[in-house]
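Notes to accompany the following structure.
The values are calculated or read from the model by the stated rules, or taken from the named source; none is laboratory data. Predicted model only: the values in this text are computed from it and were never measured. Don't worry about glycine lacking a Cβ; one is built from the backbone with ideal geometry, like all the others, and counts go over all protein chains shown. SASA here: full protein model, heavy atoms, side chains in, ligands and nucleic acids out. Shrake-Rupley method; radii C 1.70, N 1.55, O 1.52, S 1.80 Å.
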Amino acid sequence: AEWFDWPVATEMFIVFHQRAFQALGGIPHQIVYDQTKLAVLAEQYGEVDFNEAFYGYANWCGFQTYICNKADPQTKGKIERQFHYVEMSLLNGRTFRSLEHLNEVTRWWLANVADVRTHRTTKKRPLDAHAEELPHLLPLPEQDYDTARVVYRIVDVEGFINYGSNQYSAPWRLVGELLPVRVTDTELFLYDHRIRQLA
């Protein structure tokens, strides 16, 4: 898909993993992935070219990645069926005022519907299966993985750097310098060559 901004999409992929692990109370030892570019850039003859940003995150957390073979449905799990269940049970016929409202309804639905029903395949309630698995999960890291982007910008003749159609002031003495810029969801940090924060 040409419209994807892969670095941003990978950052969100990592953030969603972090949220899922926090909700689970730990990290699985191994996670199975399809051939999504968020995890795998290319695969040929069994050789996998990982998305480096995501692979770095997986190593930092300590979980192993298992990549499904191309065009081999036998190596895939049944997660696609779960999306259908969510669509039909949670989303079908409902409207939501906002993302916060959707999250509020989802928390209620998980606690009162999805997690307490007996699963057809496992014959267990998801709540009970999670309680059995919880002691076997890897511990959560003490802090979240830093998903901020790092880009490089030249300080222009007026003492600004450009990012995202905006201009940010930089110390005038650095005009013409190429400097690292760390970008989070809410802030932008400018560093010098020794990685000291300037602004």
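Computed quantities for the displayed model
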| read-out | value |
| --- | --- |
| Filter result for residue 133 (under 26 Å from residue 18 (Cβ atoms) and open to solvent by 100 Å² or more (accessible area, probe 1.4 Å)) | yes |
| Number of the condition not met by residue 62 [criteria: (1) at pLDDT below 80; (2) under 30 Å from residue 149 (Cα atoms)] | (1) |
| Members of the range 126-146 found to be more than 13 Å from residue 24 (Cβ to Cβ) and at pLDDT below 95, listed by number | 141, 142, 143, 144, 145, 146 |
| Those residues of the range 164-174 which are surrounded by 14 or more Cβ atoms within 10 Å (Cβ to Cβ) and in contact with a strand residue (DSSP E or B) (Cβ under 6 Å, 6 or more places away or on another chain), in sequence order | 168, 170 |
| Leading residue by the ranking (modelled with the highest pLDDT) among those in the range 16-50 that are β-branched (Val, Ile, Thr) and assigned to a strand (DSSP E or B) | 27 |
| Filter result for the condition that a residue is polar (S, T, N, Q) and open to solvent by 50 Å² or more (accessible area, probe 1.4 Å), over 147, 106, 121 | 121 |
| Near pairs, Cβ below 7 angstrom, 6+ apart or cross-chain, from the range 83-107 (assigned to a helix (DSSP H, G or I)) to any residue that is among the β-branched types (Val, Ile, Thr) and surrounded by 10 or more Cβ atoms within 10 Å (Cβ to Cβ) | 89/113; 90/106 |
| Residues (surrounded by 12 or more Cβ atoms within 10 Å (Cβ to Cβ), of a type outside the set (Asp, Glu) and touching a residue at least 12 places away in the same chain (Cβ under 8 Å)) located in the range 109-118 | 109, 114 |
| Qualifying residue in the range 175-186 (condition: under 30 Å from residue 31 (Cβ atoms) and either surrounded by fewer than 10 Cβ atoms within 10 Å (Cβ to Cβ) or of a type in the set (Phe, Trp, Tyr) (or both)) | yes |
